[in-house]
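**Q** The structure that follows is given in the form of structure tokens.
The values are calculated or read from the model by the stated rules, or taken from the named source; none is laboratory data. Keep in mind the model is a prediction, meaning the values are calculated, not measured. Methodologically, a virtual Cβ is constructed for each residue, glycine included, from the backbone with ideal geometry; neighbour enumeration extends over all protein chains shown.
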Amino acid sequence: MSLNLDPNITDPDGFYDELLDAHQDLSKADSDALNARLILILANHIGDRETLRDALRVAKAP
Amino acid sequence: MTEPRYDIAFKLYPYKQVAAQSTAPQRHPVVIVGGGPIGLATALDLGRKGTPVLVLDDHEGAGQGSRAICFAKRTLEIADRLGAGQAMVDKGVVWNVGKVFHGDDKVFEFNLQPEEGHKFPAFINLQQPYFEKYIADEIRVAQSQGAPIELRGKNTVTKMCQKDDHVVLDVDTPDGPYKILADWLVACDGARSPIRKMMGLSFDGRVFEDNFLIADVKMTAAFPTERWFWFEPPFKNSGASALLHKQPDDIWRIDFQLGWDIDRAHELQDENVRARVDAMLGEDIDYELEWTSIYTFQCRRMKDFRHDRVLFAGDSAHQVSPFGARGANSGVQDADNLAWKLDLVIKGLAPDALLDTYSRERAHGADENILNSSRATDFLTPKSDMSKVFRNAVLTLAKSHEFARPLVNSGRLSVPCVYDGMPLNGPDELAGPARTRVGAPCVDAPMAEGFLLDKLGGSFTLLAINTQPPSLEEVGGIAIQTLRISTKEDDPTGAVKDRYLGYTTQAIYLLRPDQHVAARWTTANAQQIATALRIATAQEL
């Protein structure tokens with residue numbers, strides 16, 4: 001599997017903070033839309049279909 | 001007598017009593033049921049090859065209404081092989097630019113501008129009745145030159161019965177019923193195919209729960225000749241999506257996606273259609289309503305397009321959503337694929353297993369079209385809350401970010417099918433370009449005079465580039481023409497080299513009568529070519 005499931009984010013707490021910050025004060029609909037945009041942006045950055053498929057698989061069966 | 005179901009735009013085959021109606025049943029090599037675009041194209045192709053063909057239709061010509069309006073380059077190339085391509089382009093509206101909007105905002109625009117060096121444009125818009133008329137006109141020309149084609153209007157097939165080696169048809173006419181015998185029956189009788197129903201064959205697939213309102217309006221407005229598509233259009237009551245596209249004769253196609261629970265009769269009332277069109281075009285635009293219709297669609301196909309002596313082509317065999325212009329365009333490719341095979345089988349030059357490959361190859365094409373058209377429909381009509389969230393996220397991102405634009409799907413426009421991995425494919429022994437690989441349709445290219453496809457005609461062709469091919473005029477009675485090209489002398493733009501040689505310096509291509517590549521080599525002897533031709537005609541499966 002080419003998907004990296006080892007810890008890879010520097011300053012994990014900082015990142016988590018920023019993620020929640022982005023959703024601060026958003027309605028459920030706006031939060032859903034933000035998540036969808038974020039997924040599409042990250043998916044495009046990864047690009048590799050095999051990695052994306054792995055990610056979907058892991059997300060569906062954590 | 002069967003009552004007409006629709007009005008006629010062009011009377012192409014008026015009813016005329018024929019002697020066969022009052023004699024013992026006559027037997028025909030091929031009877032085609034349905035004189036629409038696919039039936040007429042199949043008849044013209046067969047007739048030009050000298051195979052007698054009889055077309056029966058329950059009306060007398062092309063029905064009213066624009067219906068299929070987008071004709072793709074490959075369709076025009078096939079029509080051109082049949083002699084009708086130029087008339088279509090002369091009448092049609094050539095377009096390249098498409099704009100996609102989400103509400104008031106333009107999301108992006110695309111340009112279909114094909115690469116240079118093709119005789120035909122990527123797409124033209126042309127009302128379906130014109131397409132049928134130009135094929136029928138060419139049938140009249142072919143008839144005057146002796147092509148054995150006969151068209152019988154107001155001849156309704158009411159019953160069919162398959163025997164061991166033929167089909168018996170009961171046909172109703174204004175002068176009463178008669179019987180016809182057919183060695184082969186081609187059912188081009190549309191999505192509701194009466195022949196398919198008479199045979200009790202299934203037509204399975206997916207139903208999309210949505211209604212689309214078509215309004216063809218006539219106006220002399222200054223809108224550009226572009227395909228404009230709106231997701232969540234900003235005009236009052238315009239539904240979930242809308243489309244504006246120009247056709248010839250100052251007619252504009254407008255589509256509104258209305259949803260599932262609607263009152264069709266109410267929505268089709270002129271004043272209700274006009275309210276929507278006014279909201280879209282602006283109150284001050286003057287127009288006439290030419291034609292209105294509400295359609296729903298399904299993506300489905302028959303399991304097999306051949307049932308012994310009966311072959312299904314066009315909508316009778318497969319149906320897709322209209323987004324992507326994959327209905328009529330794929331049907332014309334069916335005709336292109338079927339005619340030469342049926343011709344060889346009838347002439348006794350190929351085994352009837354060749355007709356099974358018609359089903360194999362075109363079912364492959366239908367699957368590709370159904371896949372593309374289902375995906376477009378899922379984007380247009382999101383099936384869940386979350387699929388709508390993602391759809392709108394794509395549209396939002398596409399406004400400012402290039403990466404999201406390929407995800408926007410308002411229909412993936414029809415491209416010709418490549419018969420990858422099919423049983424008729426011969427060897428691919430050339431390190432040539434992928435686009436002209438075995439199974440692909442030939443790509444056009446300008447020559448010193450005219451275009452490459454003009455020179456291929458409708459027989460097997462040996463295309464020899466920068467090499468002397470073995471002399472081979474026929475294999476087992478199947479004629480082969482040879483076309484020699486020197487890229488030094490005959491390839492002014494270098495397109496032949498780019499499209500057929502790539503990084504190699506010489507090639508021999510064996511091309512089928514439908515201009516798909518049967519085999520290719522750097523160099524080949526007569527025996528290798530003969531074997532490939534036998535493979536391509538199902539003599540060595």
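**Q** Among the residues that make up the range B:353-363, is at least one of them modelled with pLDDT of 95 or more, more than 30 Å from B:GLU474 (Cβ to Cβ) and more than 14 Å from chain A (Cβ to nearest Cβ)?
**A** The initial filter retains those residues of the range B:353-363 that are modelled with pLDDT of 95 or more, namely B:353-363.
Filter once more, so that each one left must be more than 30 Å from B:GLU474 (Cβ to Cβ): B:363.
Pick out the ones that are also more than 14 Å from chain A (Cβ to nearest Cβ) and you get B:363.
Yes, the range B:353-363 has at least one match.
**Q** Give, as residue ranges, the strands (runs of 3 or more DSSP E) completely inside the range B:451-539 that count at least 3 residues that are in contact (Cβ under 8 Å) with a residue 60 or more places away in the chain and either crowded, with 19+ Cβ neighbours inside 10 Å or touching an Asp or Glu at 6+ places or on another chain (Cβ under 7 Å) (or both).
**A** On the way: elements: B:460-465, B:478-485, B:507-511, B:517-521.
Counting at least 3 such residues, we get B:507-511, B:517-521.
**Q** Answer yes or no as to whether B:PRO416 is touching a residue at least 60 places away in the same chain (Cβ under 8 Å), surrounded by fewer than 18 Cβ atoms within 10 Å (Cβ to Cβ) and either away from chain A (no Cβ under 14 Å) or touching an Asp or Glu at 6+ places or on another chain (Cβ under 6 Å) (or both).
**A** On the way: touching a residue at least 60 places away in the same chain (Cβ under 8 Å): yes; surrounded by fewer than 18 Cβ atoms within 10 Å (Cβ to Cβ): no; either away from chain A (no Cβ under 14 Å) or touching an Asp or Glu at 6+ places or on another chain (Cβ under 6 Å) (or both): yes.
No.
**Q** Please give the number of the condition B:ALA41 fails out of (1) free of Cβ contacts under 8 Å to residues at least 40 places away in the same chain; (2) under 26 Å from B:ILE480 (Cα atoms); (3) not polar (S, T, N, Q).
**A** (1)
**Q** Scan the range B:373-397 residue by residue and report those that are of a type outside the set (D, E, K, R), touching a residue at least 12 places away in the same chain (Cβ under 8 Å) and within 10 Å of another protein chain (Cβ to nearest Cβ).
**A** Pass one, the range B:373-397, residues of a type outside the set (D, E, K, R): B:373-374, B:376-377, B:379-382, B:384, B:386-387, B:389-390, B:392-397.
From what's left, touching a residue at least 12 places away in the same chain (Cβ under 8 Å): B:373-374, B:376-377, B:379-381, B:392, B:394-396.
Matches in the range B:373-397: B:ASN392, B:VAL394, B:THR396.
**Q** Search the range B:70-124 for residues being part of a loop (DSSP other than H, G, I, E, B) and of a type in the set (A, V, I, L, M, F, W, C), and hand back the single one that is farthest from B:GLN143 (Cα to Cα). Quick ask: steps written out before the conclusion?
**A** Let us first name the residues in the range B:70-124 that are part of a loop (DSSP other than H, G, I, E, B), namely B:82-84, B:92, B:95-96, B:103-104, B:112-122.
Then keep just the ones that are of a type in the set (A, V, I, L, M, F, W, C); that gives B:82, B:84, B:95, B:112, B:120, B:122.
On the way: B:LEU82: 13, B:ALA84: 14, B:TRP95: 34, B:LEU112: 37, B:PHE120: 26, B:ALA122: 31 Å.
Per the stated criteria, the residue is B:LEU112.
**Q** Restricting attention to the range B:171-221, which residues are of a type in the set (A, V, I, L, M) and farther than 21 Å from B:GLY153 by Cα?
**A** Going through the range B:171-221, the residues of a type in the set (A, V, I, L, M) turn out to be B:171, B:180-182, B:185-187, B:191, B:195, B:198-199, B:201, B:207, B:213-215, B:217, B:219, B:221.
Once the filter is applied, which keeps residues that are of a type in the set (A, V, I, L, M) and farther than 21 Å from B:GLY153 by Cα, the range B:171-221 yields B:MET199, B:LEU201, B:VAL207, B:LEU213, B:ILE214, B:ALA215, B:VAL217, B:MET219, B:ALA221.
**Q** Output the number of the condition that B:PRO427 fails; it satisfies all remaining conditions of (1) within 14 Å of chain A (Cβ to nearest Cβ); (2) more than 27 Å from the chain's Cα centre (by Cα); (3) surrounded by fewer than 21 Cβ atoms within 10 Å (Cβ to Cβ); (4) not small (Gly, Ala, Ser).
**A** So the condition that B:PRO427 fails would be (1).
**Q** List the number of the failed condition for B:ASP249; all other conditions in (1) under 25 Å from B:PRO129 (Cα atoms); (2) crowded, with 17+ Cβ neighbours inside 10 Å hold.
**A** Failing condition for B:ASP249: (2).
**Q** Consider the range A:24-54. How many of its residues are part of a helix (DSSP H, G or I) and within 14 Å of chain B (Cβ to nearest Cβ)?
**A** Filtering the range A:24-54 down to residues part of a helix (DSSP H, G or I) leaves A:28-46, A:49-54.
After this cut, where a residue has to be within 14 Å of chain B (Cβ to nearest Cβ) as well, the list is A:28-46, A:49, A:52.
Qualifying residue count, the range A:24-54: 21.
**Q** Among the residues of the range B:197-245, which ones are over 24 Å from B:CYS70 (Cα atoms) and touching a Gly at 6+ places or on another chain (Cβ under 8 Å)?
**A** B:PRO234 - this is the single residue of the range B:197-245 that is over 24 Å from B:CYS70 (Cα atoms) and touching a Gly at 6+ places or on another chain (Cβ under 8 Å).
**Q** Could you go through the range B:244-254 and let me know if any residue there is over 18 Å from B:TRP95 (Cα atoms), not assigned by TED's automatic domain parsing to the domain that holds B:PHE131 and not aromatic (Phe, Trp, Tyr). Even if it seems obvious, please write down each step before you answer.
**A** Just the residues of the range B:244-254 that are over 18 Å from B:TRP95 (Cα atoms), to begin with: none.
Within the range B:244-254 (the criterion being over 18 Å from B:TRP95 (Cα atoms), not assigned by TED's automatic domain parsing to the domain that holds B:PHE131 and not aromatic (Phe, Trp, Tyr)), the answer is no, since none of the residues qualifies.
**Q** Of all residues in the range B:126-183 being within 26 Å of the chain's Cα centre (by Cα) and aromatic (Phe, Trp, Tyr), which is farthest from B:ALA79 (Cα to Cα)?
**A** B:TYR130
**Q** While we're looking at this one, here's another question. Do you know which residues across the range B:380-393 are in a helix (DSSP H, G or I), touching a strand residue (DSSP E or B) at 6+ places or on another chain (Cβ under 9 Å) and either at pLDDT below 95 or surrounded by 22 or more Cβ atoms within 10 Å (Cβ to Cβ) (or both)?
**A** Within the range B:380-393, the subset in a helix (DSSP H, G or I) is B:380, B:385-393.
Of the ones still in play, those that are also touching a strand residue (DSSP E or B) at 6+ places or on another chain (Cβ under 9 Å) are B:380, B:391-392.
Listed by number, the residues that qualify are B:LEU380, B:ARG391.
**Q** Moving on to the next point. Among the residues that make up the range B:309-327, is at least one of them in the same structural domain as B:LYS163 (by TED's automatic domain parsing) and surrounded by fewer than 20 Cβ atoms within 10 Å (Cβ to Cβ)? Break it down into steps so the answer makes sense when it comes.
**A** So the first thing to find is which residues in the range B:309-327 are in the same structural domain as B:LYS163 (by TED's automatic domain parsing), and the list is B:309-327.
Next, only the ones that are surrounded by fewer than 20 Cβ atoms within 10 Å (Cβ to Cβ) stay: B:309.
The answer is yes; a qualifying residue exists.
**Q** Can you give me the number of residues within the range B:326-348 that are part of a loop (DSSP other than H, G, I, E, B) and in contact with a helix residue (DSSP H, G or I) (Cβ under 9 Å, 6 or more places away or on another chain)?
**A** From the range B:326-348, those part of a loop (DSSP other than H, G, I, E, B) are B:326-327, B:347-348; that's our starting set.
If we keep only those that are in contact with a helix residue (DSSP H, G or I) (Cβ under 9 Å, 6 or more places away or on another chain) as well, we get B:326-327.
Residues flagged as part of a loop (DSSP other than H, G, I, E, B) and in contact with a helix residue (DSSP H, G or I) (Cβ under 9 Å, 6 or more places away or on another chain) within the range B:326-348 amount to 2.
**Q** Something else: Within the range B:172-195, does at least one residue satisfy the condition of being free of Cβ contacts under 8 Å to residues at least 60 places away in the same chain and either basic (Lys, Arg) or touching a helix residue (DSSP H, G or I) at 6+ places or on another chain (Cβ under 7 Å) (or both)?
**A** Yes, some residue in the range B:172-195 is free of Cβ contacts under 8 Å to residues at least 60 places away in the same chain and either basic (Lys, Arg) or touching a helix residue (DSSP H, G or I) at 6+ places or on another chain (Cβ under 7 Å) (or both).
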